[in-house]
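Before anything else, here's the structure in question.
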Amino acid sequence: MPVLVVGASGAVGGAVVDGLLKRGVEVRATSRAPENLSLPTQVEAFAADLNDPASFTEALHSVDRVFLYADIAEPEALLNAVAAARVGQVVLLSSSAVTYPSAAEDFNGARFLRVERAVEESGLEYTFLRPGGFASNAARWSWEIKAHSAVPLPYPEAVQAPIHERDIADVAIVALTDDTLIGARPVLTGPARMTLREQVDTIGQVIGRHISVVEQTEAESSAMLAQHVPPVWVRQIIKDWRNAVGATPPLSDAYTRITGRPSRAFRDWVADNADMFR
């Protein structure tokens, strides 16, 4: 039976599609504009909008499992539609933010918690993938690195454990192809803690060019980020950086336990995406 990948145009969703195809799984994908998707020819694409559950009717027909990301304004209606289609399991790309003590009061944590609860209340079997910060967040520095060999940051000593999106996809593929992760909620991290400054240094080492860190005030950083992301995300990003200074985020071994392989380092992600910084 086919697997439906919602969000196939994203880095994680695209890697999930690739991995499922390599295992011989029939894959479907959805997008509001499927004609804009760049997918292998054997993937059937459907037009569907996360905020219009009825638009998923055709895509969900006879589907066994669904890979779903949690950026949904009204998740309850969509999950009810998925349950009505008799889908066997939902693998949800959630966030480790739901595990924080203040998750319900945090913009990021609260929105993921709502989707997780909607899945639980739907009666569907599920797996919740809870990654921490993505290594790909460093992509937002690419323009400044290419143009100025510098990265402006308000909190360069903020500590993260960045995870490669392919590690997240690998765990999703396991969840979508056997039953071992039904009911599981693995927290996923990269293999090492790194400050933002160390991440910038790593990019420089990989591309063979010195990259400096230019320290900013919060106001300066907010103005720069606001050119690219909505205000609510500007506040969230800066808050996360501020709170991460001097932190020791936990490191998870879930990826290795589930896949039997070591997780990919931040340097691996940079090497895979080096051209965006050159």
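So which residues in segment 172-215 are over 30 Å from F112 (Cα atoms) and assigned to a loop (DSSP other than H, G, I, E, B), if there are any at all?
G208, R209, H210, I211
Give the residue that is surrounded by the most Cβ atoms within 10 Å (Cβ to Cβ), with candidates limited to residues of segment 94-131 that are in contact with a Pro (Cβ under 7 Å, 6 or more places away or on another chain) and of a type in the set (S, T, Y).
In the first step, residues of segment 94-131 are kept if they are in contact with a Pro (Cβ under 7 Å, 6 or more places away or on another chain); the result is 95-96, 114-115, 118, 129-130.
Now restrict to residues that are of a type in the set (S, T, Y): 95-96.
Working: S95: 26, S96: 24.
By that ranking, first place goes to S95.
Across segment 133-164, what is the number of residues that are surrounded by 20 or more Cβ atoms within 10 Å (Cβ to Cβ) and of a type in the set (G, A, S)?
Total meeting the criteria: 5.
Okay, moving on. Note down all Cβ pairs under 8 Å where the first residue falls in segment 191-207 and is closer than 13 Å to G246 by Cα, the second is of a type in the set (S, T, Y), and they're at least six residues apart or on different chains.
Pairs that qualify, where the first residue is closer than 13 Å to G246 by Cα and the partner is of a type in the set (S, T, Y), are R193/T248; M194/T202; L196/Y155.
Another one. Name the residue that is farthest from V16 (Cα to Cα), counting only residues in segment 28-63 that are among the small types (G, A, S) and at pLDDT below 90.
Looking only at segment 28-63, we keep the residues that are among the small types (G, A, S), and these are 29, 31, 33, 38, 45, 47-48, 54-55, 59, 62.
Now narrow it down to the ones that are at pLDDT below 90: 31, 33, 38.
Working: S31: 15, A33: 19, S38: 14 Å.
Ranking the candidates gives A33 first.
Quick one: which of G208, G183, G246, G190 is exposed (fewer than 14 other Cβ atoms within 10 Å of the Cβ), of a type outside the set (A, V, I, L, M, F, W, C) and within 22 Å of the chain's Cα centre (by Cα)?
Details: G208 fails: within 22 Å of the chain's Cα centre (by Cα); G246 fails: within 22 Å of the chain's Cα centre (by Cα); G190 fails: exposed (fewer than 14 other Cβ atoms within 10 Å of the Cβ).
Testing whether each residue is exposed (fewer than 14 other Cβ atoms within 10 Å of the Cβ), of a type outside the set (A, V, I, L, M, F, W, C) and within 22 Å of the chain's Cα centre (by Cα) leaves just G183.
Further question: Quick one: is R257 at negative phi, surrounded by fewer than 17 Cβ atoms within 10 Å (Cβ to Cβ), in the same structural domain as H148 (by TED's automatic domain parsing) and at pLDDT 95 or above?
Details: at negative phi: yes; surrounded by fewer than 17 Cβ atoms within 10 Å (Cβ to Cβ): yes; in the same structural domain as H148 (by TED's automatic domain parsing): no; at pLDDT 95 or above: yes.
So R257 fails the test.
Next question, about the same structure. Using the structure shown, decide if L92 is within 16 Å of the chain's Cα centre (by Cα) and outside any helix (DSSP H, G or I). Steps first, please.
Details: within 16 Å of the chain's Cα centre (by Cα): yes; outside any helix (DSSP H, G or I): yes.
Judged against the criteria, L92 is a match.
So is L113 outside the structural domain of L225 (by TED's automatic domain parsing) and touching a strand residue (DSSP E or B) at 6+ places or on another chain (Cβ under 8 Å) or not? Spell out the reasoning first.
Details: outside the structural domain of L225 (by TED's automatic domain parsing): yes; touching a strand residue (DSSP E or B) at 6+ places or on another chain (Cβ under 8 Å): no.
In short, no.
Next question, about the same structure. What number of residues in segment 110-126 are touching a helix residue (DSSP H, G or I) at 6+ places or on another chain (Cβ under 8 Å), assigned to a helix (DSSP H, G or I) and over 22 Å from G13 (Cβ atoms)?
Start the filter on segment 110-126 by keeping residues that are touching a helix residue (DSSP H, G or I) at 6+ places or on another chain (Cβ under 8 Å), which leaves 110, 112-116, 118-119, 121-124, 126.
From what's left, assigned to a helix (DSSP H, G or I): 110, 112-116, 118-119, 121-122.
Now restrict to residues that are over 22 Å from G13 (Cβ atoms): 110, 121.
Residues in segment 110-126 being touching a helix residue (DSSP H, G or I) at 6+ places or on another chain (Cβ under 8 Å), assigned to a helix (DSSP H, G or I) and over 22 Å from G13 (Cβ atoms): 2 in total.
The values are calculated or read from the model by the stated rules, or taken from the named source; none is laboratory data. Note that the coordinates shown come from a computational prediction; the quantities given were computed from them, not determined experimentally. Ideal geometry is used to build each Cβ from the backbone, glycine not excepted, and the neighbour counts take in all protein chains shown.
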